[in-house]
Amino acid sequence: MTPTLTSKANPRFRALQTRLKAGGLRRESTLLLGEKLIEAWAEARQTTAGKRLQPALWLRLEQTDPHPLETVLGVETQVLGEVLMRELAEAGSPPEHALLMELGPEPTGSLASRVIGAWGIQDPGNLGAILRSAAAFGFQEALLGPGCADPFHPRALRGSMGAAFLLPLRRVEALAPDAGRWFALDGGPGAIPMAEADLSEPLRLLVGNEGHGWQGVDLPAGVQRLAIPIRGVESLNAAVAAGIACFETARRYSG
């Protein structure tokens, strides 16, 4: 019978916290919180993005029945008391199951045919929502520019609802346009209305910061500004704008 950890001072629990403390480029591990997210990874684990995450430790809330995937994955299980599980989840209600994952290297080589890019998206939930829309509408990869939230932060993973297991993610320090069509969502002067833009592949669709968009960012000559027509409001939420643009791209390919 697996012993239950109940003390925050337990060396095993403290070691687990240390593994999860680092974020951003320093992150080597992350935590999938709850059955839905774990099952979403399990369905996508044979994809390139899914293979980047490797299970290391199953965490189960005390007095909770084992999950079928515990046996399938063959990793060690650790039972945690409610206080410790809540501490890891940073949420009001502790999940019954969590899975510690080790992260492999980011992808390299040529970009996919349809790519979403996030520049300076600071909120992990917004980043997760952008990735979710991109995956839902057929995008195959994501670029994460400077100032972007950690895509493997638990909030980003929850917001993406498994999209982070479907899209290969790579961080870049600067825009370096290739032969594809590069568009930055921006409703300012000189932007091309979306209805007039050529969104055919290879396509790279970029979303700027939630508050100031592309202000202070030098867009290379190969990147065009793309506008979504709106009325009565100054701008759209970054994740909403990304979802509209991804849908329009998919609509044209299916039309």
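The values are calculated or read from the model by the stated rules, or taken from the named source; none is laboratory data. All values reported here derive from a predicted model rather than from experimental measurement. No Cβ is skipped: glycine too gets one built from the backbone with ideal geometry, and neighbour counts run over all protein chains shown. Surface areas here come from the heavy atoms of the whole protein model, side chains and all, with no ligands, DNA or RNA. Shrake-Rupley method; radii C 1.70, N 1.55, O 1.52, S 1.80 Å.
What angle, in degrees between 0 and 90 and rounded to the nearest 10, separates the Cα long axis of helix 35-44 from the longest principal axis of the Cα atoms of the chain?
Tilt relative to the chain: about 60 degrees.
Compare I192, I121, I130 in a GNM of the chain, Cα atoms joined below 10 Å, and give the one with the largest fluctuation.
I192
What's the carbon and sulfur percent of the chain's accessible surface, probe 1.4 angstrom, rounded to a whole number?
50 percent
For region 148-217, what is the charge dipole size about the Cα centre, in debye to the nearest 20, if Lys and Arg each add +1 at the Cβ and Asp and Glu each add -1 at the Cβ?
320 debye
Taking the Cβ of G180 as the center, what net charge do the other residues with Cβ under 14 Å away carry, scoring Lys and Arg +1 and Asp and Glu -1?
Cβ neighbours under 14 Å give a net charge of -1.
If you project the alpha carbons of region 1-66 onto their three principal axes, what span does each projection cover, largest first, in Å?
So the three principal-axis extents are 37, 32, 16 Å.
Mind checking the alpha-carbon convex hull of region 22-130 and giving the volume per residue in Å³?
Each residue corresponds to 133 Å³ of Cα convex hull volume.
By how many degrees, 0 to 90 and rounded to 10, does the Cα axis of helix 124-136 deviate from the longest principal axis of the chain?
Tilt relative to the chain: about 70 degrees.
Name the aspartates and glutamates eligible as straight-distance cross-link partners of K8: C-alpha to C-alpha under 12 Å, and not fewer than 8 places from it in the same chain.
Straight-line reach from K8, under 12 Å: E82, E87.
All other residues with a Cβ under 12 Å from the Cβ of H67 taken together, and with Lys, Arg as +1 and Asp, Glu as -1, what is their net charge?
Spelling it out: positives minus negatives among the neighbours equals -3.
Using +1 on the beta carbon of Lys and Arg, -1 on that of Asp and Glu, and nothing else charged, what's the dipole of region 33-84 about the Cα centre, debye to 20? Mind showing how you got there, number by number?
Values: 5 positive and 8 negative charges, 76 e Å.
Dipole of region 33-84, to the nearest 20 debye: 360 debye.
Where the Cα atoms of the chain are projected onto their three principal axes, how long is each span, largest first, in whole Å?
Reported extents, whole Å, longest axis first: 65, 32, 31.
Once you have a ≥ b ≥ c as the square roots of the Cα gyration tensor eigenvalues for region 168-214, tell me rounded if a/c is under 1.5, and otherwise prolate or oblate according to whether a/b is larger than b/c. Could the numbers behind the result be given before it?
Values: a/c = 2.08, a/b = 1.11, b/c = 1.88.
It comes out oblate by the Cα gyration axes.
Please compute, over every Cα-Cα pair in region 94-143, the percentage with a separation greater than 11 angstrom.
I get 76 percent for the Cα pairs in region 94-143 exceeding 11 Å.
Is the shape of region 130-255 rounded, prolate or oblate, going by the alpha carbon gyration tensor and its root eigenvalues a ≥ b ≥ c, with a/c under 1.5 for rounded and a/b larger than b/c for prolate?
Rounded is the answer for region 130-255, as its axis ratio a/c remains below 1.5.
Give the cross-link partners of K51 among the lysines, using a straight C-alpha distance below 24 Å as the criterion and excluding same-chain residues fewer than 8 apart.
Partners within reach: K21, K36.
To the nearest 20 debye, what is the magnitude of the charge dipole of region 6-56 about its Cα centre, counting +1 on the Cβ of each Lys and Arg and -1 on the Cβ of each Asp and Glu?
340 debye
What does the highest-first list of 113-120, 146-153 look like by mean Cβ count within 10 Å?
Ranking, from highest mean packing down: 113-120, 146-153.
Could you state the accessible area per residue of region 36-152 in Å², with a 1.4 Å probe and every protein chain left in place?
For region 36-152, the solvent-accessible area averages 43 Å² per residue.
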